[in-house]
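Q: This is the structure I have questions about; it appears just below.
The values are calculated or read from the model by the stated rules, or taken from the named source; none is laboratory data. These figures come from a predicted structure and were not determined experimentally. All Cβ positions, even for glycine, are placed from backbone atoms using ideal geometry, and neighbour counts span all protein chains on display. The protein model used for the area step is the full one, side chains on, heavy atoms only, and it has no ligands, DNA or RNA in it. Shrake-Rupley method; radii C 1.70, N 1.55, O 1.52, S 1.80 Å.
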Amino acid sequence: MMASFVVIGATGDVGRGIVGALLERGHAVIAVARNEDGLAALAAEWGNPAALRSCVGNFADDGAAAALAAAIAGMADTISGVVISINGPRQLPGLLALSSAQFQSLVGLDLITHFTAARALIPAIAPGGVLIGIGGGSADFILAGGAHMSVAQAGLRMLYRGLAQELGETAVHI
């Protein structure tokens, strides 16, 4: 095994690009997504390289996050970096058409999954390593059908700023 980068949300548009960029630069990648078929398609797209390993799971809650983090840790001697690139759905009815439970669920798909992934994986990152959380520009504007995403994206900014503040000058960079 070798030093690896973990890409959470590896089969999404942004995640695919990150996986490709890392592979093109000769890095080992552990691609993580919820769907095994999507991960198989990603591997096939790159010719099934030995440097690309896949792990199916999610970060929906602490239990799922702990299980997935343990699986990821077993796939690499060293984790040099983690990139979290996950988002919930867009193109929904307006905010006022959502119930509070629907709104909570939608915001959670963005915000809580980033939180549980960061919380579970920060301890696995090697000294000098990096955690990159990718949200989106919609913290600053609202896309059609995406007001709930804008709320979550603004929260993500503060989440990562808060993590960076709490970690201070430790060996993991946010």
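Q: Go through the stretch 128-145 and report how many residues are touching a residue at least 24 places away in the same chain (Cβ under 8 Å) and either in contact with a strand residue (DSSP E or B) (Cβ under 7 Å, 6 or more places away or on another chain) or aromatic (Phe, Trp, Tyr) (or both). Steps first, answer last, please.
A: At the first step, the residues of the stretch 128-145 found to be touching a residue at least 24 places away in the same chain (Cβ under 8 Å) are 128-136, 143-145.
After this cut, where a residue has to be either in contact with a strand residue (DSSP E or B) (Cβ under 7 Å, 6 or more places away or on another chain) or aromatic (Phe, Trp, Tyr) (or both) as well, the list is 129-134.
Total meeting the criteria: 6.
Q: Would you mention how many residues in the stretch 154-166 are open to solvent by less than 30 Å² (accessible area, probe 1.4 Å) and either farther than 26 Å from ILE79 by Cα or not in a helix (DSSP H, G or I) (or both)?
A: Number satisfying all stated conditions: 1.
Q: Filter the helices (runs of 4 or more DSSP H) completely within the stretch 1-115 down to those with at least 3 residues that are open to solvent by less than 60 Å² (accessible area, probe 1.4 Å) and out of contact with any helix residue (DSSP H, G or I) (no Cβ under 9 Å at 6 or more places or on another chain). It would help to see each step written out before you state the result.
A: Numbers: elements: 13-24, 36-45, 62-73.
So the answer is 13-24, 36-45.
Q: Further question on the same structure: How about the stretch 28-44: which of its residues are modelled with pLDDT of 95 or more and not small (Gly, Ala, Ser)?
A: Of everything in the stretch 28-44, those that are modelled with pLDDT of 95 or more and not small (Gly, Ala, Ser) turn out to be VAL29, ILE30, VAL32, GLU36, ASP37, LEU39, LEU42.
Q: To continue, here is another question. I need a count of the residues in the stretch 121-141 that are assigned to a helix (DSSP H, G or I) and within 20 Å of ASP13 (Cβ to Cβ). Before the answer, list the steps.
A: Here is the first cut: in the stretch 121-141, the ones assigned to a helix (DSSP H, G or I) are 121-124, 137-139.
Now drop any that are not within 20 Å of ASP13 (Cβ to Cβ), which leaves 137-139.
Qualifying residue count for the region: 3.
Q: For the stretch 44-62, state whether one or more residues are under 25 Å from ALA164 (Cα atoms) and either acidic (Asp, Glu) or over 15 Å from the mean Cα position of the chain (by Cα) (or both).
A: Going residue by residue through the stretch 44-62, those that are under 25 Å from ALA164 (Cα atoms) are 58-62.
Pick out the ones that are also either acidic (Asp, Glu) or over 15 Å from the mean Cα position of the chain (by Cα) (or both) and you get 61-62.
Yes, some residue in the stretch 44-62 is under 25 Å from ALA164 (Cα atoms) and either acidic (Asp, Glu) or over 15 Å from the mean Cα position of the chain (by Cα) (or both).
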